[in-house]
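Reading through the structure tokens given below for one structure.
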Amino acid sequence: MASAVINQIAILTPKEGKFDELAAELANITRNVQEHEPETLVYYAYADAKKEEIIVVERYVNQAASDKHRAAPYFQDLIKKAPELLGKPLELKVGNELLQESAQVVRV
């Protein structure tokens, strides 16, 4: 049975010399998510080892929460800046169900 929860990762590849600018944009989005999106359960970004990609991990309580995030002005600002920041279109992987035998571990 599928869960209403939306799990996704976004893989962003910055243009050469744009890593720090893209990271700053994502930090701003993260602050806004914390303040304005109580139905966003998880939202954080990290860099791959070579600093060639930024991976954003997201979890929303339902599709409406995901839609709200995408419509938010701070996210739309990033969409407008994407052509100057990204070396290629972002890759998005979306799923609902957690694997039954997968342990969910969260330590903060």
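The values are calculated or read from the model by the stated rules, or taken from the named source; none is laboratory data. Note that the structure is a prediction, hence the values are computed from the model and not measured. Note: ideal-geometry Cβ built from the backbone for every residue, glycine included; neighbour counts use all protein chains shown. Only protein heavy atoms, including side chains, enter the accessible area calculation; ligands, DNA and RNA are left aside. Shrake-Rupley method; radii C 1.70, N 1.55, O 1.52, S 1.80 Å.
Report yes if some residue within the stretch 13-35 is closer than 18 Å to Lys80 by Cα, in contact (Cβ under 8 Å) with a residue 60 or more places away in the chain, in contact with an Asp or Glu (Cβ under 7 Å, 6 or more places away or on another chain) and aliphatic (A, V, I, L, M); otherwise report no. No, because not a single residue in the stretch 13-35 is closer than 18 Å to Lys80 by Cα, in contact (Cβ under 8 Å) with a residue 60 or more places away in the chain, in contact with an Asp or Glu (Cβ under 7 Å, 6 or more places away or on another chain) and aliphatic (A, V, I, L, M).
Scanning the stretch 24-35 for residues being within 20 Å of Lys93 (Cα to Cα) and open to solvent by less than 40 Å² (accessible area, probe 1.4 Å) gives a total of 3.
Within the stretch 81-99, track down each residue that is of a type outside the set (Val, Ile, Thr) and either in a strand (DSSP E or B) or free of Cβ contacts under 8 Å to residues at least 24 places away in the same chain (or both). If the condition is that a residue be of a type outside the set (Val, Ile, Thr) and either in a strand (DSSP E or B) or free of Cβ contacts under 8 Å to residues at least 24 places away in the same chain (or both), then Ala82, Pro83, Leu86, Pro89, Glu91, Leu92, Lys93, Gly95, Leu99 are the ones that fit.
Under the condition of being open to solvent by 60 Å² or more (accessible area, probe 1.4 Å), more than 21 Å from Gln104 (Cβ to Cβ), in contact (Cβ under 8 Å) with a residue 24 or more places away in the chain and among the hydrophobic types (A, V, I, L, M, F, W, C), the residues counted in the stretch 36-59 number 0. Looking across the stretch 14-45, just one residue is part of a loop (DSSP other than H, G, I, E, B), closer than 21 Å to Val61 by Cα and in contact with a strand residue (DSSP E or B) (Cβ under 7 Å, 6 or more places away or on another chain), and that is Glu39.
Within the stretch 60-104, if we keep just the residues that are in contact with a strand residue (DSSP E or B) (Cβ under 6 Å, 6 or more places away or on another chain) and among the charged types (D, E, K, R), the residue that is surrounded by the fewest Cβ atoms within 10 Å (Cβ to Cβ) turns out to be Lys93.
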